[in-house]
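Notes for the one structure printed next.
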Amino acid sequence: MAIKLKIAIALTIILALMTAFVGCGRPPAEVSKVPGVVVNVIDVGQGDAILIRTSSQTTLIDTGDVPAREKLISYISGLGISVIDTLIITHPHSDHIGGASAVLSSFKVERAYDSGQTTTSHLYRKYLAQIQESNIPFRALAAGEQLDIGGGAVLKIFAPSQPLISGTDSDLNNNSVVAKLVYGNFSMLLPGDSEQEAEERIVSQYAGDLHSLVLKSGHHGSHTSSKLPFLQAVNPEAVVISVGANNEYHHPHPSTLKRYNSLGINIYRTDTDGTVTITSDGKTYNITKER
Ligand SMILES: [Zn+2]
């Protein structure tokens with residue numbers, strides 16, 4: 001064997017060993033990554049927690065209420081997820097921010113966004129303190145921007161817009177972050193707890209871009225949301241209501257269910273179906289129920 005060839009083989013072996021050694025020091029790759037897009041409207045009882053996975057990133061929109069936080073953490077961990085690339089809190093009510101502290105403690109959160117609305121609640125202050133202590137990039141979202149959530153999927157932000165809506169029964173709800181997930185031909189509108197006033201503003205500003213195949217029901221199917229002009233603009237094929245069984249607010253309201261039915265919208269709800277999962281390859285989509 002020529003000396004040059006021997007040297008080449010030896011170098012190849014050394015290089016392979018070095019690569020293997022360096023490889024040992026790397027953190028294990030996330031096993032959660034999925035082809036296309038997978039959206040889990042997680043059954044957290046009365047509240048919202050929506051996990052969006054793409055081929056390269058994980059996004060969590062809202063974190064449920066305090067009593068569901070352990071269930072939320074174990075659900076996400078059970079998918080093999082240790083990093084949440086993007087955390088979005090639509091508004092600081094406890095049924096959306098309640099699990100945020102546990103999420104920030106349990107996962108590496110790369111960046112966080114909210115509606116820019118503040119409260120004096122313990123839950124909000126703790127969430128803010130943890131974000132600051134961990135030096136997580138953090139800011140308010142604004143209508144008109146677009147977030148890249150990896151794998152070719154984006155979140156178009158439709159609200160809040162300035163000046164913030166005021167003088168309503170719940171300004172916190174009405175200034176929720178509203179996002180439209182777009183992946184190829186698939187789309188899903190995520191309006192937080194937007195009520196009629198917010199819906200009217202979004203319809204007036206984004207009517208041409210509101211159409212979505214799937215809608216996450218605004219404000220848990222409340223009668224103050226999912227008004228007809230909004231539903232006609234979104235024109236969804238399916239709606240997912242994130243709601244607790246026998247909740248004290250009596251969500252969802254019969255009049256809202258009636259509107260969905262009259263428009264031929266397929267209804268899914270976490271109190272009866274458990275976690276609802278929407279999967280898309282960017283061409284078609286599929287909805288499955290936990291039970
Ligand atoms: Zn809510």
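Each Lys or Arg adds one and each Asp or Glu takes one away; over the other residues whose Cβ falls under 15 Å from the Cβ of S166, this sums to -4. What is the sum of charges around I97, taking Lys and Arg as +1, Asp and Glu as -1, for the other residues whose C-beta is under 14 Å from the C-beta of I97? Surrounding charge for I97 is -3.
Using alpha carbons only, how many angstrom separate the centre of the stretch 72-90 from the centre of the stretch 102-134? Taking the Cα centre of the stretch 102-134 as reference, the centre of the stretch 72-90 is 14 Å away. When restricted to Cα atoms, the chain yields an Rg and a Dmax of 21.6, 87 Å, respectively. Amide H contacts for I149 (H built 1.01 Å from N in the peptide plane; partners 5 or more residues away or on another chain; cut-off under 5 Å): V154, L155.
Taken about its Cα centre, the stretch 140-286 carries a charge dipole of roughly 360 debye when the Cβ of each Lys and Arg holds +1 and the Cβ of each Asp and Glu holds -1.
Summing +1 for each Lys or Arg and -1 for each Asp or Glu among the other residues whose beta-carbon sits under 12 angstrom from that of A238 gives +1. With all protein chains kept in place, the per residue accessible area of the stretch 73-188 amounts to 40 square angstrom at a probe of 1.4 angstrom. Membrane-span-like helices in the chain, defined purely by DSSP H runs whose alpha carbon atoms cover 20 Å or more axially and whose average Kyte-Doolittle hydropathy reaches -0.5, are 3-24. Take the chain, connect every pair of alpha-carbon atoms lying under 10 Å apart with a spring to form a Gaussian network, then pick out the residue of H122, H219, H251 with the largest mean-square fluctuation. Result: H122 has the largest fluctuation of those listed.
Ranking Q232, Q196, H211 by how far each Cα lies toward the positive end of the dipole of the chain (charges on Cβ) leaves H211 at the top. Taking the Cα centre of the chain as origin and assigning +1 to Lys and Arg Cβ atoms and -1 to Asp and Glu Cβ atoms, the resulting dipole is close to 1140 debye. Amide hydrogen proximity for G36: with H placed 1.01 Å from N in the peptide plane, the residues at 5 or more positions away or on another chain lying under 5 Å are S55.
Put simply, the amide H of I241, placed in the peptide plane, has neighbours under 5 Å in S217, Y268, R269, T270, leaving out anything fewer than 5 places away on its chain. Surface composition of the chain: carbon plus sulfur atoms contribute 56% of the solvent-accessible area (1.4 Å probe, protein chains only, all chains present).
The values are calculated or read from the model by the stated rules, or taken from the named source; none is laboratory data. What you see is a predicted model; the values in this text were computed from it and never measured. Note that each Cβ is placed from the backbone with ideal geometry, even for glycine, and that neighbours are counted across all protein chains shown. Just so you know, the surface numbers come from the protein's heavy atoms only, side chains and all, with ligands and any DNA or RNA stripped out. Shrake-Rupley method; radii C 1.70, N 1.55, O 1.52, S 1.80 Å.
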